[in-house]
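Participant: Take a look at this one; I'll ask things after.
The values are calculated or read from the model by the stated rules, or taken from the named source; none is laboratory data. Note that the structure is a prediction, hence the values are computed from the model and not measured. All Cβ positions, even for glycine, are placed from backbone atoms using ideal geometry, and neighbour counts span all protein chains on display.
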Amino acid sequence: MSDGKPYTVYTEDDAPQAGDSVSCTVIGTIETPYKCMEDCPNRHNKQEFLPCTLRLAPEFAPGLAGLEPGGKVLVLYWFHRARRDMTQLPVREGVRDKPAGVFSLRTPPRPNPIAAQTVDILDVRDGVLEVVGLDCLDGTPLLDIKRTKR
């Protein structure tokens with residue numbers, strides 16, 4: 001990486017263990033039309049997915065080489081406004097009649113609020129990926145992009 005910050009490559013003898021902290025680098029920002037949680041499409045509101053922009057930091061822009069409109073990618077992003085102190089969600093009238101573990105749901109509150117969504121590529125240009133299929137707020141930190149299998 002061009003910023004010169006060190007990063008850790010673990011060996012089999014020093015891999016992180018449960019409860020350890022690890023770090024990752026935000027590679028860009030997601031621009032969406034969704035300004036509040038109620039705007040985001042989800043299984044409860046059945047709202048349509050609208051086009052969104054993945055804007056990569058300049059040092060990560062070369063990573064888009066090889067992606068093309070019409071393809072699909074898995075987008076990993078950080079629910080930066082989500083609670084991180086929950087492992088179970090309580091009963092919620094009209095949604096669930098018993099508590100549910102966050103690992104059985106796609107809910108933002110979770111110990112590590114990492115989200116993943118497969119999206120359709122609309123356009124690729126100069127460090128920008130236009131996609132459709134995201135459910136996150138405008139300004140969401142972008143963690144990674146992975147091409148999906150054909």
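Participant: What number of residues within segment 120-129 satisfy the criterion of being closer than 13 Å to PRO51 by Cβ and touching a residue at least 60 places away in the same chain (Cβ under 8 Å)?
Facilitator: So the answer is 3.
Participant: Next question, about the same structure. For the structure I just gave you, tell me whether THR87 is farther than 21 Å from CYS136 by Cβ, β-branched (Val, Ile, Thr), in contact (Cβ under 8 Å) with a residue 12 or more places away in the chain and surrounded by 10 or more Cβ atoms within 10 Å (Cβ to Cβ).
Facilitator: Considered against the rule, which asks whether it is farther than 21 Å from CYS136 by Cβ, β-branched (Val, Ile, Thr), in contact (Cβ under 8 Å) with a residue 12 or more places away in the chain and surrounded by 10 or more Cβ atoms within 10 Å (Cβ to Cβ), THR87 comes out as yes.
Participant: Quick one: what pairs do we get from segment 56-82, first residue surrounded by 16 or more Cβ atoms within 10 Å (Cβ to Cβ), second part of a helix (DSSP H, G or I) and not aromatic (Phe, Trp, Tyr), C-beta under 8 Å, 6+ apart or different chains?
Facilitator: Going by the 8 Å Cβ cut-off, the qualifying pairs are LEU56/GLY63; LEU56/LEU64.
Participant: Give me a count of the residues in segment 34-55 that are surrounded by 12 or more Cβ atoms within 10 Å (Cβ to Cβ) and either of a type in the set (Phe, Trp, Tyr) or part of a loop (DSSP other than H, G, I, E, B) (or both).
Facilitator: 7
Participant: What's the total number of residues in segment 86-122 that are at pLDDT 90 or above, part of a loop (DSSP other than H, G, I, E, B) and acidic (Asp, Glu)?
Facilitator: Qualifying residue count for the region: 1.
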